[in-house]
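Heads up: the structure comes next, in structure tokens.
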Amino acid sequence: MTYKSGTDQLPIPPKDAKVQNVTCDFCIVGCGYKAISWPVDRQGGPKPDENAFGEDLTQQQGAESAAWYNPSMYNVVRQDGKLVHLIIRPDKECEVNAGLNSVRGGRMGETRYSDQTGTMTARLGQPMVWRYSQMMPTSWDDSLSLVADVTRRVIEEMGEDGVIVSAFDHGGAAGGYENTWGTGKLYFDALKIKNIRIHNRPAYNSEVHASRDMGVGELNNSYEDAELADTIFVVGANPLENQTNYFLAHWVPNLRGETLDKKKQMLASEPHAAAKVIIVDPRRTVSVNACETVAGKDNVLHLAINPGTDLVLLNALLTEVVNKGWQAKNFITQHTSGFDEAVKANRISVEDAAAVTGLRSEDIRKAAQWIAEPKAGGTPRRTMLAYEKGLIWGNDNYRSNAAMVNLALATWNVGREGTGCVRLGGHQEGYVRPSDAHVGRPAAYVDQLLISGQGGIHHNWATDHFKSTLNAEEFRRVYRRRTNLVKEAMDSVPYGDREAQLEQIVAAVKRGGLFSVNVDILPTQMGEAAHVWLPAATAGEMNLTSMNGERRLRLTERYMDPPGAALPDALIAARMANALEASFRRVGNETYANKFKGKFDWKTEEDAFMDGYNQHAEGGKFVTYERLRAMGTNGVQEPVVGFENGKLIGTKRLYADAKFKTDDGRAKFMKTEWRGLQVAGRDQQKEKYAFLINNGRNNLIWQNAFYDVHTPFVRERNPVAPIEMNPGDMEKLGLKAGDLVEVYNDVGSTQAMVYPTPSAKPGQAFMLFIAPTGQVGNVISKGTNEFMIPNYKNVWANIRRIGHVPSADAMSFKSIEYPKGL
Amino acid sequence: MKECPKLVELGRRQFLRGGAVAAAGAAAVSVVAPTPARAAVPAARVDYPANRLANIKDLKVNEPMQVNYPDIDSPGVLIKLGAPVDGGAGPDRDIVAYSTMCPHKGYPLSYNAADKTLNCPGHFSRFDCEKEGQQVWGHATQNLPMFRLTVDGAGDIHAVGVDELIYGRTRNVLNEDAVSLRRG
């Protein structure tokens, strides 16, 4: 039976309801929202002078009404200890989303913690430690002193390399400038931790090393550029599902020709048309379908490339552009280096590229034309080049990324209106930390260190390797074994005898055990193996700053209380640091204790922001909470360059002056020769197994589904994570919609629920990435690129039926594509 | 919509109204005698009208009929699907009715007869008419409001309730005095 909330009316906010700024918790786009709250025993009325919207709510609201909120946007929560009604609804005044909500951000209301309505009551509300053979509630002081004592003992025995850390480095909820600074100051300033990884990959590294090495920061344009571009060239990305409102509010209007007036007004001296779009993806995504729907098939070029061969296509496009003489000659001469060498090294003919990529020669030529052929009158075309995980987590990350930037530089599609060479992004950004230079490059492959028995303690901040790693089965098996050794040791002496506990824990560590500390907002799969849980607050339960994919910095204001004793991560890091200082001092190690002294006196997250962002970010000195609050949901684009007339002044796009981030200011071209599938064994896997197991996100689920598993509306559509399969392949294997299948290869095995997908190519299946009910990481081998970036995408396996998902019968398995010709 | 929209026939009968109000009043009177019954204890839930939408014989299989419920400002469709479904009304359990304002941003949904879905041209959301309005893909944070139907012996189809909040309303029935109420 399809889930319905049964709601027939919602409370109305009174005229004087409190209104606060919110940036969405979730994806890189960072849509603007407003949190509207008022005391639980009051209500507004339907007449315009009775409600916060000033609208006549006795009347049916029209489309895109700013005054409509739905059951998912509403909750009852605590605010400064008092019960309030809360609505979190998209903000029409925000330039990012213009009032649109995605199916993820639109559910922020119902994913808040509420004892009153019972939502998200799974949230961690108090510290828990392993004692008496189970996780038991305890105080902050008790849990942190245990963490500090064990950390100290591990450092005494193994040095700081024995402390292994997993930590978010992003913006949005479970991140943000306050919290990356808090954790960063603990691990990179007070301590010098080398064995550290990020939430979605097994090392501490950039996903776009190449772009940065070439002097081109990866978020260099404005969302408005997608409205101004002549052509949008997108590789390995699915923006309708992953950057939803960037696509809907900025790409679609350009594809529909609705931004023509704006183009003519802003760029008056050149001809304009509705945008064309080129999408490079082995899979026909809903983005491809939506582009065809709004732009017409003639203006959409879907290059359904052989998996892993993007680099060949990009090199061929560069070659073709140069053969035609379409490169930006003056720009190349004046502002770049290494062009001739790169063109020579990367040269590949269109025909040779067609043979490798499986594309038609004429389509590659057409793509080159759409990207680089000058417009009538000889004005350079404006092409926005965008990429994301299909390239980042595909084959040969470094060279493929570089080849994309080569193409953008050759055609001067960086730093001008309507251009940009950008990653589309996953989370928002929110990185400010002391130098990580000591981590080195390549960085340590942390998950392999853990598998090989190294390290004595693992501090884990909001990551769940059990879902988000490669070679995941082996990782889980070893991690459980190592942490169990410590649990059994802890059980052998009373908890209250700290010295005996420490002796047992250290002895177990010496036998290969691992002590595990988990800081998170919800119980996690890896957390089940941990010895300490520390409850974190999320955005809105604390003030939190982040920037989006066009470097737009905003403050989400604290609009409710965190559950129980939960604290912002920055303050947990500070308390942990102070506990470490106390622990070292207690045993007389003043030198070590002094590493923490005076550095972590923050009382609030704002203190951490002022210590971190304000003191250390580029332009940070101009930024305070008060100034950001005044900038509302539109915020300011980084880097901030001033504060005038009560407003922060930002930077609309980078490299408008063609000065790049290299020593001599010239952007660097790079040699990016094709070298086949980079990770050892993948070619053989491809020969041996019947299906490509492509994987990525879907529209409904945010990240690893940490909230979604608690939400009936989503759970109903994902009782088990789906695998998209071609109906012909299903028939051959005797599969029906909703069947539970095992996906297996030489690395491991996992499960998924069959979702018939007519647009899927035969032999190419698609799984949901890092799903809780079937981790694709189980079948992904441990190989990475030279900088420890995993190739999650190019994986082959077989599929067999193991049953049927019982609740699948209530599900619709119709095509997810908007119908043609409707 | 593929075919010409038909004008809705709003229910004009004072269906159950007098009886329902009298019954509620009788219950309330014994507790709060001095005040008028209706105002004494306002109902905790919305009262829905019972509106006649059509007769079974007006419907052709897989051809949606435009309707409005619970009032003229809330458009919907009435569809005879041709095969029984969960929530289906009528002798064949195949008659369903849905709001056609997309619960994402209120754009008018179009019926795709080929796969029996309602589709939003604004942002591409899709709802399955054979699965109680389940969102197949889209941006709405709820499934599509379904109008609950009853069919009487004469084949008259009445809408009598809604299972989810209708787009653009904080209250599914905007003015309970202006429509024929059905309580109970």
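All of the numbers you see were taken from the coordinates with simple rules; none came from a lab. Predicted model only: the values in this text are computed from it and were never measured. Neighbour counts are summed over all protein chains in view; Cβ atoms, including those assigned to glycine, are modelled from backbone coordinates with ideal geometry.
Tabulated values for the structure
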| item | result |
| --- | --- |
| Among (1) surrounded by fewer than 22 Cβ atoms within 10 Å (Cβ to Cβ); (2) closer than 30 Å to B:ASN119 by Cα; (3) not aliphatic (A, V, I, L, M), the one test that A:GLU786 misses | (2) |
| Residues being at the interface with another protein chain (Cβ under 7 Å from one of its Cβ atoms) and at positive phi - total across the range B:111-140 | 4 |
| Residues satisfying the stated conditions in the range A:481-503, i.e. surrounded by 16 or more Cβ atoms within 10 Å (Cβ to Cβ) and under 37 Å from the mean Cα position of the chain (by Cα) | A:ARG482, A:THR483, A:LEU485, A:VAL486, A:LYS487, A:MET490 |
| Scope the range A:64-85; condition in a strand (DSSP E or B), away from chain B (no Cβ under 11 Å) and not charged (D, E, K, R); matching residues | A:ASN75, A:VAL76, A:VAL77, A:GLN79, A:LEU83, A:VAL84, A:HIS85 |
| Pairs with Cβ under 6 Å, 6+ apart, first in the range A:780-803 and assigned to a strand (DSSP E or B), second among the charged types (D, E, K, R) | A:PRO790/A:ARG201; A:TRP796/A:LYS686; A:ARG800/A:GLU742; A:ARG801/A:ASP739; A:ILE802/A:GLU742 |
| Qualifying residue in the range B:141-162 (condition: among the β-branched types (Val, Ile, Thr), in a loop (DSSP other than H, G, I, E, B) and facing another protein chain (nearest Cβ under 7 Å)) | yes |
| Residues located in the range A:804-821, provided they are within 14 Å of chain B (Cβ to nearest Cβ), assigned to a loop (DSSP other than H, G, I, E, B) and buried (at least 17 other Cβ atoms within 10 Å of the Cβ) | A:MET811, A:SER812, A:PHE813, A:LYS814, A:SER815, A:ILE816, A:GLU817, A:TYR818, A:PRO819 |
| Scan of the range A:711-746 for residues that are under 15 Å from A:THR773 (Cα atoms), out of contact with any Pro (no Cβ under 8 Å at 6 or more places or on another chain) and hydrophobic (A, V, I, L, M, F, W, C), ordered by number | A:VAL714, A:VAL720, A:ILE723, A:LEU740, A:VAL741, A:VAL743 |
| Sole residue being touching a helix residue (DSSP H, G or I) at 6+ places or on another chain (Cβ under 8 Å) and surrounded by fewer than 24 Cβ atoms within 10 Å (Cβ to Cβ), chosen from A:GLY99, A:GLY81, A:GLY44 | A:GLY44 |
| Subset of the range A:583-628 that is over 22 Å from A:TYR431 (Cβ atoms), of a type outside the set (Gly, Ala, Ser) and part of a helix (DSSP H, G or I) - its residue that is nearest to the chain's Cα centre (by Cα) | A:GLU626 |
| Sole residue being under 26 Å from the mean Cα position of the chain (by Cα), buried (at least 17 other Cβ atoms within 10 Å of the Cβ) and closer than 29 Å to A:HIS710 by Cβ, chosen from A:LEU450, A:LEU514 | A:LEU450 |
| Test for A:THR319: is it of a type in the set (Ser, Thr, Tyr), touching a Phe, Trp or Tyr at 6+ places or on another chain (Cβ under 7 Å) and more than 20 Å from A:ASN794 (Cβ to Cβ) | no |
| Extreme residue, farthest from the other protein chains (Cβ to nearest Cβ), among residues of the range B:95-110 that are outside any loop (DSSP other than H, G, I, E, B) and surrounded by 22 or more Cβ atoms within 10 Å (Cβ to Cβ) | B:ILE95 |
| Residue ID - farthest from the other protein chains (Cβ to nearest Cβ), chosen from residues in the range A:4-24 that are farther than 23 Å from A:PHE713 by Cα and not in a strand (DSSP E or B) | A:ASP16 |
| Test: A:SER143 is crowded, with 22+ Cβ neighbours inside 10 Å, touching a residue at least 24 places away in the same chain (Cβ under 8 Å) and outside any helix (DSSP H, G or I) | no |
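Here's the yes/no breakdown for (1) touching a Phe, Trp or Tyr at 6+ places or on another chain (Cβ under 8 Å); (2) assigned to a helix (DSSP H, G or I); (3) farther than 16 Å from A:VAL208 by Cα:
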position	(1), (2), (3)
A:ALA386	yes, no, no
A:LEU391	no, yes, no
A:ASN395	no, no, no
A:TYR398	yes, yes, no
A:ASN401	yes, yes, no
A:ASN413	no, no, yes
A:GLU417	no, no, yes
